[in-house]
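The values are calculated or read from the model by the stated rules, or taken from the named source; none is laboratory data. Owing to the predicted nature of the structure, the values given are computational and were not obtained by experimental measurement. Cβ sites come from the backbone with ideal geometry, for glycine too, and all protein chains shown count toward neighbours. The protein model used for the area step is the full one, side chains on, heavy atoms only, and it has no ligands, DNA or RNA in it. Shrake-Rupley method; radii C 1.70, N 1.55, O 1.52, S 1.80 Å.
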Amino acid sequence: QQPVQSPQAVILREGEDAVINCSSSKALYSVHWYRQKHGEAPVFLMILLKGGEQKGHDKISASFNEKKQQSSLYLTASQLSYSGTYFCGTETSGGYNKLIFGAGTRLAVHP
Amino acid sequence: GAVVSQHPSRVICKSGTSVKIECRSLDFQATTMFWYRQFPKKSLMLMATSNEGSKATYEQGVEKDKFLINHASLTLSTLTVTSAHPEDSSFYICSARASREQFFGPGTRLTVL
């Protein structure tokens with residue numbers, strides 16, 4: 001079942017912050033975050049695993065609430081390069097299983 | 001991060017023809033690869049999970065006979081769109097897991113005339 005992302009779209013000025021949320025109706029093993037620019041493939045940003053382990057870029061942070069089956073991606077001091085569509089992908093069990101992606105959040109950062 | 005390549009990046013074909021798309025993991029071995037399809041401004045829709053040495057697992061609603069998947073080696077999976085029609089026009093993206101992370105290829109834009 002597809003996770004739900006919110007908001008659908010965000011418009012920021014450079015330097016502003018944003019939070020993108022992802023929630024699932026199923027118990028999650030991991031949450032993966034990606035950014036996709038127009039016409040390109042998604043680029044890996046971060047993975048958050050059940051139990052607290054996480055791995056990703058230094059300038060991007062995220063949280064994973066296992067009990068609530070929710071994850072949030074925090075974009076601070078946004079830059080123009082942050083523009084794109086952000087997707088969360090959820091995995092409901094371990095063992096290199098498939099990821100199911102949310103509908104995406106479109107982020108536009110303006111000067 | 002790990003590198004996944006895809007070929008071709010763009011293909012235009014006539015209705016009724018078949019098109020093969022290759023997905024390679026360049027610097028790691030991938031026992032499992034995934035094929036996604038994406039329509040403009042839409043999400044990534046999982047089509048199938050490709051398993052090395054065995055049959056692919058297709059998602060509900062995806063026609064197995066239309067989208068043939070072969071995972072012949074630990075670094076190569078292929079997707080063949082058979083008897084393509086205009087409604088098959090889309091952006092097809094493969095991905096592979098390296099450790100816990102999943103990395104995507106650059107995608108193939110298929111246009112069926």
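Restricting attention to segment B:66-86, and to residues there that are among the β-branched types (Val, Ile, Thr) and without any contact (Cβ under 8 Å) to a residue 60 or more places away in the chain, which single residue is least open to solvent (accessible area, probe 1.4 Å)?
B:Thr78
Filter segment A:18-48 for residues that are touching a residue at least 24 places away in the same chain (Cβ under 8 Å) and in a loop (DSSP other than H, G, I, E, B) and give the result.
Those that are touching a residue at least 24 places away in the same chain (Cβ under 8 Å) and in a loop (DSSP other than H, G, I, E, B): A:Ser24, A:Ser25, A:Lys26, A:Ala27, A:Leu28, A:Tyr29, A:Lys37, A:His38, A:Pro42.
Counting only residues that are small (Gly, Ala, Ser) and within 10 Å of chain A (Cβ to nearest Cβ), which one in segment B:11-62 is farthest from B:Arg109 (Cα to Cα)?
So, considering only residues that are small (Gly, Ala, Ser) and within 10 Å of chain A (Cβ to nearest Cβ), the one farthest from B:Arg109 (Cα to Cα) is B:Ala30.
A:Lys37: away from every other protein chain (no Cβ under 14 Å) and surrounded by fewer than 18 Cβ atoms within 10 Å (Cβ to Cβ), yes or no?
No.
Got a sec? Which of B:Ser89, B:Ser95 is of a type outside the set (Phe, Trp, Tyr), within 14 Å of chain A (Cβ to nearest Cβ) and surrounded by 14 or more Cβ atoms within 10 Å (Cβ to Cβ)?
Criteria check complete, one pass: B:Ser95.
Are any of the residues in segment A:94-109 more than 13 Å from the chain's Cα centre (by Cα), at pLDDT 95 or above and open to solvent by 60 Å² or more (accessible area, probe 1.4 Å)?
no
Residue by residue, here is whether (1) touching a strand residue (DSSP E or B) at 6+ places or on another chain (Cβ under 8 Å); (2) within 17 Å of B:Phe103 (Cβ to Cβ); (3) not in a strand (DSSP E or B) holds:
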residue: B:Glu22; (1), (2), (3): yes, yes, no
residue: B:Lys42; (1), (2), (3): no, no, yes
residue: B:Ala48; (1), (2), (3): yes, no, no
residue: B:Lys64; (1), (2), (3): yes, no, yes
residue: B:Ala72; (1), (2), (3): yes, no, no
